[in-house]
Amino acid sequence: MHELSIAMSIVDMAQEEAERRNVRVEAVHLELGALSGVVKEALLFSFEIACDGTPLQGSRLVVKDVPIEVYCPVCNMPKILASMQWFCCPDCGAQTSEVIHGKELVITALELKQ
Amino acid sequence: MSHEPRLLEVRKNVLKQNDVIARGLRDRFRLQGTYVISLVSSPGSGKTTFLEKTLTLLRPHYRVAALVGDLATENDALRLARSGVPVRQITTGTLCHLEAAMVEHSLNDWNLGELDLLFIENVGNLVCPASYDLGEDLRLVLLSVTEGEDKPLKYPTIFNSADVAVITKTDLAAAVEFDDLTANANIQAVRPGMCVFKVSAKTGEGMDAFLQFLAQKHARSSQKTSV
Ligand SMILES: Nc1nc2c(ncn2[C@@H]2O[C@H](COP(=O)(O)OP(=O)(O)OP(=O)(O)O)[C@@H](O)[C@H]2O)c(=O)[nH]1
Ligand SMILES: [Mg+2]
Ligand SMILES: [Zn+2]
């Protein structure tokens, strides 16, 4: 399980940013790709632990799931995979392994305390 | 007064630190002409056995070395060292995967300019290593015939992150009724076009084809470096 070390990085990065801008954090918004290798439930659980004893204690992690988007060489455009067990264009069935989105593990915003 | 949440937009890649170090390693490997291959698989799929065989067969022709990650023991490093090539152990402690910083640290006082090929055996784990770039040129994912044909479907992320699949322990295939076609179809489903090798490190079957493939990869990469 590497979610705890990832959660600790998220807390560190969010806190660093908050200090730099002199704000207090209510929630951290995160984009999480289906191919990131990180399990959402484990990350949410780990985030709480990682926040303990830091200025982010009690803050929330708001996760936005990012589906796997591949480039279909036949349709000649990006497509969202129907299943991560099947790297095929959902419309024409062409095989493709050119991943455009789905590996994200990105902090996108800090929600501030009022 | 409204209670619209106040959002401060930022955009920060959580794995940035690892990615930056990995990129640095890759540049350094390229500059020094070292081709780097990492191995991932579930625990016990045969990484160390396959690697020991590979190192032994490559040693007369190439300058090779290996790094091996292990949670607690030095057993794998001792086994690999029997091949006669330089081997370094990275003890990861409680971490279930290698990170680029550990590779960098371990290479600090190693003269990579003297190496043609460097192998990195990751900790046995089909989940966590997927997220961490180690600066390698080629990632091998191993799948032993004894663990079932559906591993790629259960762990699509790591199979998708790899460049080549190696089916190991083929000497046991008949005994466990390993279904070759299904395994191959599952691999292709999660990583279309992936190259697949079938080997038995015990009998040596299939090693030649793999070594030829490596030799080609290495030759092509050193061409690129010298241009
Ligand atoms: N029959 C047979 N057994 C093998 C082969 N390769 C490995 N084994 C056996 O499988 C077991 C595990 O092999 P290892 O090489 O230690 O596997 P590993 O992936 O390095 O294991 P971890 O590093 O602990 O994840 C050992 O008992 C090996 O002897 C093979 O080609 N044929
Ligand atoms: Mg091993
Ligand atoms: Zn299509």
A:Pro78 passes all but one of (1) within 13 Å of another protein chain (Cβ to nearest Cβ); (2) surrounded by fewer than 15 Cβ atoms within 10 Å (Cβ to Cβ); (3) touching an Asp or Glu at 6+ places or on another chain (Cβ under 8 Å); which number fails? (1)
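Within segment B:148-200, which helices (runs of 4 or more DSSP H) (wholly inside it) include 2 or more residues that are more than 14 Å from chain A (Cβ to nearest Cβ) and either under 23 Å from A:Cys89 (Cβ atoms) or more than 13 Å from ligand 1 (Cβ to nearest atom) (or both)?
Values: elements: B:151-154, B:156-161, B:180-190.
In segment B:148-200, the matching helices (runs of 4 or more DSSP H) lie at B:180-190.
Going by the conditions given, is A:Val66 touching a Lys or Arg at 6+ places or on another chain (Cβ under 9 Å), within 16 Å of ligand 3 (Cβ to nearest atom), aliphatic (A, V, I, L, M) and closer than 28 Å to B:Lys154 by Cα?
Numbers: touching a Lys or Arg at 6+ places or on another chain (Cβ under 9 Å): yes; within 16 Å of ligand 3 (Cβ to nearest atom): no; aliphatic (A, V, I, L, M): yes; closer than 28 Å to B:Lys154 by Cα: yes.
Considered against the rule, which asks whether it is touching a Lys or Arg at 6+ places or on another chain (Cβ under 9 Å), within 16 Å of ligand 3 (Cβ to nearest atom), aliphatic (A, V, I, L, M) and closer than 28 Å to B:Lys154 by Cα, A:Val66 comes out as no.
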A:Gln57 meets each of (1) in contact with a strand residue (DSSP E or B) (Cβ under 8 Å, 6 or more places away or on another chain); (2) in a loop (DSSP other than H, G, I, E, B); (3) polar (S, T, N, Q) with one exception, condition (1)
Could you list, in sequence order, all residues of segment A:87-111 that are facing another protein chain (nearest Cβ under 8 Å), surrounded by fewer than 17 Cβ atoms within 10 Å (Cβ to Cβ) and either within 16 Å of ligand 1 (Cβ to nearest atom) or at pLDDT below 95 (or both)? A:Ser97
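Kindly indicate whether any position in segment A:54-71 is under 30 Å from A:Trp86 (Cβ atoms) and of a type in the set (Lys, Arg).
So the first thing to find is which residues in segment A:54-71 are under 30 Å from A:Trp86 (Cβ atoms), and the list is A:61-71.
Narrowing the set further to residues that are of a type in the set (Lys, Arg) leaves A:64.
Yes.
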Testing B:Lys202 on (1) open to solvent by less than 30 Å² (accessible area, probe 1.4 Å); (2) in contact (Cβ under 8 Å) with a residue 60 or more places away in the chain; (3) over 28 Å from B:Glu99 (Cα atoms), one condition comes back false. Which one is that? (1)
Options A:Glu41, A:Glu19; residue that is more than 9 Å from every other protein chain (Cβ to nearest Cβ) and within 13 Å of the chain's Cα centre (by Cα): A:Glu41
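The values are calculated or read from the model by the stated rules, or taken from the named source; none is laboratory data. Predicted, not measured: the structure shown is a model, and the values here were computed from it. When we count neighbours, we look across all protein chains shown, and the Cβ atoms used for this are built from the backbone with ideal geometry, even at glycine. Heads up: the accessible areas ignore ligands, DNA and RNA and are worked out on the full protein's heavy atoms, side chains in. Shrake-Rupley method; radii C 1.70, N 1.55, O 1.52, S 1.80 Å.
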